[in-house]
Amino acid sequence: MKTKIVKILVGFIILTFVLSACATPATQAPTLAPTKPVAIETAAPIVAPTTAPTNPPTIETAAPTAAPTAAPTAAPKPTGKITLWGWSYDAMQSTGLVDDFQKEYPDIQLDFVKYSSTDTYQNLQLAISAGTGAPDVVQIENSHLAQFVDLDGLLDITDRVQQYIPLMNAYKWVDAVKDGKYYAMPWDSGPVFLYYRRDVFKAAGLSDVPDDVSAMVATWDKYLETCTTIKDKTGKNCFAFSRANNDARIYEIALWQQGLGYYDKDGKITVDSAQNVATLEELGKFWNPMVVSEEQAWTDPWYAELNSPDNSVASIVEASWMGIFLKTWIAGGTAGQWGVAEMPAFAEGQVRASNDGGSTLAISSQSQNPDAAWAFIEFMLGRDNSQLRMFAYTDFLPSLETTYGDALFYEPDTFFSSEMTRQLYLKVAKEIPTAYVYGPNYQLMNGYVATAIQEYATGKSSAADALKAAADRIRAETGMP
Amino acid sequence: MRKINQDKREENIYQTQKKGFWHEIVKARWPYLFISPFYFLFLIFGAFPLVFSFILSFTSWKGTGPLIFNNFGNYKLILTDKVFWQSMQNGLILFFMYVPFQILLACVLAVILNSKRVKGFKFFRTVIFMPYISSMVAAGFVFQLLFGSRNGLVNSILGFFTIPLIPWLDSVWGARFALCALIVWAWLGYNMVFILAGLQTISSELTEAAMIDGANSVQAFFLITIPLLRPVILFCVINSTIGSFNLFGELMSMFHATGGNGPLNAVITPLLAVFGQAFHNFKLGYASTQAYVYFLLIFVVALLQLRLFNKEVD
């Protein structure tokens with residue numbers, strides 16, 4: 001009898017362990033089955049280019065000239081703890097904005113989790129799917145935003161962003177809106193420029209003055225001529241544009257500047273349209289004869305050729321956020337060697353502005369404290385003062401247009417040989433057309449188009465055939481017309 | 001009387017069979033309770049995903065929202081999926097590129113280490129096994145630098161012999177070759193340890209007898225040692241087969257700039273294709289379809305290999 005009691009007790013103890021072990025995952029992930037539509041941000045797993053700057057930057061100090069606009073409201077201040085995921089924490093911390101926020105909202109505790117963009121998207125996707133574990137505030141690039149909006153994981157903040165809708169770059173809202181509702185607050189815009197090495201241009205016997213260079217690369221054809229001159233005179237490659245490992249980013253930039261994309265405003269796939277094919281063939285000229293480098297973006301050899309004192313590429317076509325990366329961890333040793341010019345137009349007289357990347361902040365629909373989350377987002381992105389301080393530090397051009405009159409835009413940038421780069425940023429940002437490159441299926445479309453470009457570049461297929469095959473596959477998998 | 005007893009016994013047997021499964025479990029409830037954690041964990045992390053993913057393979061689920069069935073739409077889609085079939089083909093190509101070479105090399109090394117003449121046996125065994133326990137992320141990164149097309153060490157050495165630059169990571173076959181170099185480096189020791197263990201069970205008298213009969217050591221290796229090692233080699237080959245279709249960490253670290261796919265999808269494996277559809281594109285339904293089709297195919301291949309090798313043993 002006694003042994004039986006002992007047996008039963010032992011059994012109970014084990015059962016308790018087992019059940020508690022099972023119960024934990026069950027309670028944490030109650031909505032594995034798709035019962036309720038959750039509105040959370042998700043994770044998209046390609047290598048995104050805007051990794052956070054890791055090193056302390058060497059830029060001129062912040063110029064907090066504009067007065068803080070939004071006065072604290074009369075309503076009681078939100079309190080409590082909020083969790084934040086993202087990779088640009090440094091932009092808020094090193095500029096003192098986090099401290100200022102804490103002074104204004106002493107009862108909000110901030111818990112920053114620094115993830116790379118890839119990790120942010122991956123964890124967010126899982127948290128949304130599981131129905132639990134998402135942060136309150138999350139940083140999402142425009143390229144991935146619509147995909148997460150489509151996953152119903154983000155909080156509808158239409159009422160909160162209402163007053164900012166006319167104040168931000170219009171095209172930044174495209175990915176944040178679904179069925180007339182707004183799900184994210186724009187942070188920075190990604191106007192694209194030609195960043196060039198003054199030393200290489202001089203060595204090729206060309207002018208290194210920004211205006212001259214802008215004229216020299218007025219169109220992609222003229223840019224090609226410049227590249228050929230540089231290659232002939234110095235033997236140096238013009239920019240990094242891989243054939244077999246192409247990631248389609250430069251192609252997307254060239255599409256965007258023409259207002260083209262992977263689909264049109266009615267949602268019809270345009271990947272194989274005549275204009276898209278012509279754009280790819282135009283870029284293909286840089287491979288024949290070869291005037292570009294084949295290094296893949298965001299790899300060590302790529303950093304090396306941007307930073308090299310004597311063996312560098314001549315230029316890079318990239319968005320303004322590239323500034324902070326060049327200044328710090330990619331090419332910190334090349335201060336004074338760089339210039340910034342306008343990017344080439346597709347044809348004479350056409351638009352010389354495009355967009356690449358750019359970030360937003362969004363609130364997860366799992367957030368228990370959306371008021372505190374919004375207070376943080378509004379403090380960082382809705383105020384001129386905050387946006388300008390971050391801009392001075394990082395080159396993340398504010399999407400907030402009310403900042404554009406500030407004196408900061410008239411300050412020279414020593415890294416770029418005291419050029420007034422921010423004036424140029426402004427001019428270009430205002431001309432960026434609305435284009436449908438991103439959207440809910442961006443990752444899928446980018447993958448197939450990248451392969452199509454690789455096939456074309458390595459001579460396996462014509463541009464038209466490669467893009468047609470990609471378009472057919474995209475239509476089949478997305479169900480878009 | 002005897003007849004009645006027999007009837008009773010038959011009745012008992014009949015009842016036991018009828019009660020069967022549950023009766024046995026209740027009878028041995030304590031042992032079953034003690035091993036029950038395995039079944040709970042298996043149900044949650046094994047059986048449930050298996051069944052759920054099968055259901056998903058008929059839907060267009062994106063991770064949230066209702067399950068919308070699209071009948072066999074996903075299975076129709078997979079028939080024309082160039083990337084998926086390329087990934088199956090890649091698994092096959094990689095298998096033929098490195099598995100025979102790797103197993104042979106592992107055998108040769110194991111035989112050398114097994115011979116009495118080698119001093120420092122434990123040292124060399126450890127050194128050859130070491131890559132297996134090193135971090136694949138670090139190794140992939142190092143191999144990416146080694147095989148860099150323009151500044152890589154491999155091309156620098158080849159350049160010393162006036163061999164022109166080879167675009168290792170910028171060409172389909174170059175990428176596959178560089179990947180095979182990484183795999184052989186990383187997995188050679190693992191396979192060798194198994195074969196070494198197999199060798200130690202083979203009595204040295206057999207090879208000695210063959211030598212006395214006039215065989216040289218090469219003949220003894222191929223005609224005596226290798227056939228006796230067949231079961232171990234079979235284990236290594238089947239493991240490597242599944243391994244070459246399931247490559248993931250190697251690709252993610254060595255080809256991270258293209259998300260592991262490599263130039264022109266040269267090294268994408270079925271596992272990577274499934275991962276891409278599920279976690280890049282959020283097409284969890286279609287990813288499940290790919291996973292199931294892939295499972296069926298590799299199941300058949302493993303069966304064939306078992307048949308083939310067992311036949312030869314007979």
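The values are calculated or read from the model by the stated rules, or taken from the named source; none is laboratory data. Bear in mind that the values here come from a model prediction, so they are computed numbers and not experimental data. No Cβ is skipped: glycine too gets one built from the backbone with ideal geometry, and neighbour counts run over all protein chains shown.
Here are a few things to note about the model shown:
- First in segment B:213-227 and free of Cβ contacts under 8 Å to residues at least 40 places away in the same chain, second anywhere and in a loop (DSSP other than H, G, I, E, B) and surrounded by 12 or more Cβ atoms within 10 Å (Cβ to Cβ), Cβ under 9 Å, 6 or more apart: B:Leu223/B:Ala215; B:Ile224/B:Ile202; B:Ile224/B:Ala215
- In segment A:326-351, the residues that are of a type outside the set (Gly, Ala, Ser) form Cβ pairs under 8 Å with partners that are modelled with pLDDT under 90 and assigned to a strand (DSSP E or B), at six or more places apart or across chains, as follows: A:Val340/A:Glu419.
- Contacts under 8 angstrom Cβ, first residue in segment B:107-131 being in contact (Cβ under 8 Å) with a residue 60 or more places away in the chain, partner in a loop (DSSP other than H, G, I, E, B), 6 or more apart: B:Cys107/B:Leu229
- Helices (runs of 4 or more DSSP H) within segment A:216-335 that include 1 or more residues touching a strand residue (DSSP E or B) at 6+ places or on another chain (Cβ under 6 Å), away from chain B (no Cβ under 14 Å) and surrounded by fewer than 20 Cβ atoms within 10 Å (Cβ to Cβ): none
- Residues in segment B:257-287 that are hydrophobic (A, V, I, L, M, F, W, C) and over 18 Å from B:Phe245 (Cα atoms): B:Ala257, B:Phe279, B:Phe282, B:Leu284.
- From A:Ile140, A:Ile157, A:Ile128, residue being in contact with a Phe, Trp or Tyr (Cβ under 8 Å, 6 or more places away or on another chain), among the hydrophobic types (A, V, I, L, M, F, W, C) and over 21 Å from B:Leu284 (Cβ atoms): A:Ile157
- Segment B:208-236, subset buried (at least 19 other Cβ atoms within 10 Å of the Cβ) and β-branched (Val, Ile, Thr), residue farthest from B:Trp185 (Cα to Cα): B:Thr225
- Test result for B:Ser149, surrounded by 12 or more Cβ atoms within 10 Å (Cβ to Cβ), in contact with a Ser or Thr (Cβ under 8 Å, 6 or more places away or on another chain) and within 14 Å of chain A (Cβ to nearest Cβ): no
- For first residues located in segment B:65-92 and within 12 Å of chain A (Cβ to nearest Cβ) and touching a residue at least 12 places away in the same chain (Cβ under 8 Å), partners that are of a type outside the set (A, V, I, L, M) and assigned to a loop (DSSP other than H, G, I, E, B) and lie 6+ apart or on another chain with Cβ distances below 8 Å form the pairs B:Leu67/A:Pro34; B:Leu67/B:Trp61; B:Asn70/B:Phe58; B:Asn70/B:Ser60; B:Gly73/B:Ser60; B:Asn74/B:Ser57; B:Asn74/B:Phe58; B:Asn74/B:Ser60.
- Residue within segment A:170-177 that is in a loop (DSSP other than H, G, I, E, B), in the same structural domain as A:Ala375 (by TED's automatic domain parsing) and either modelled with pLDDT under 90 or buried (at least 24 other Cβ atoms within 10 Å of the Cβ) (or both) present: no
- Failed criterion for B:Arg150 (all others in (1) over 28 Å from B:Gly198 (Cβ atoms); (2) part of a helix (DSSP H, G or I); (3) at pLDDT below 90; (4) not acidic (Asp, Glu) hold): (2)
- Condition check for B:Val26: assigned by TED's automatic domain parsing to the domain that holds B:Leu234 and either modelled with pLDDT under 90 or surrounded by 13 or more Cβ atoms within 10 Å (Cβ to Cβ) (or both): no
- Residues located in segment A:437-477, provided they are over 28 Å from A:Tyr183 (Cβ atoms), in a loop (DSSP other than H, G, I, E, B) and touching a residue at least 40 places away in the same chain (Cβ under 8 Å): A:Thr458
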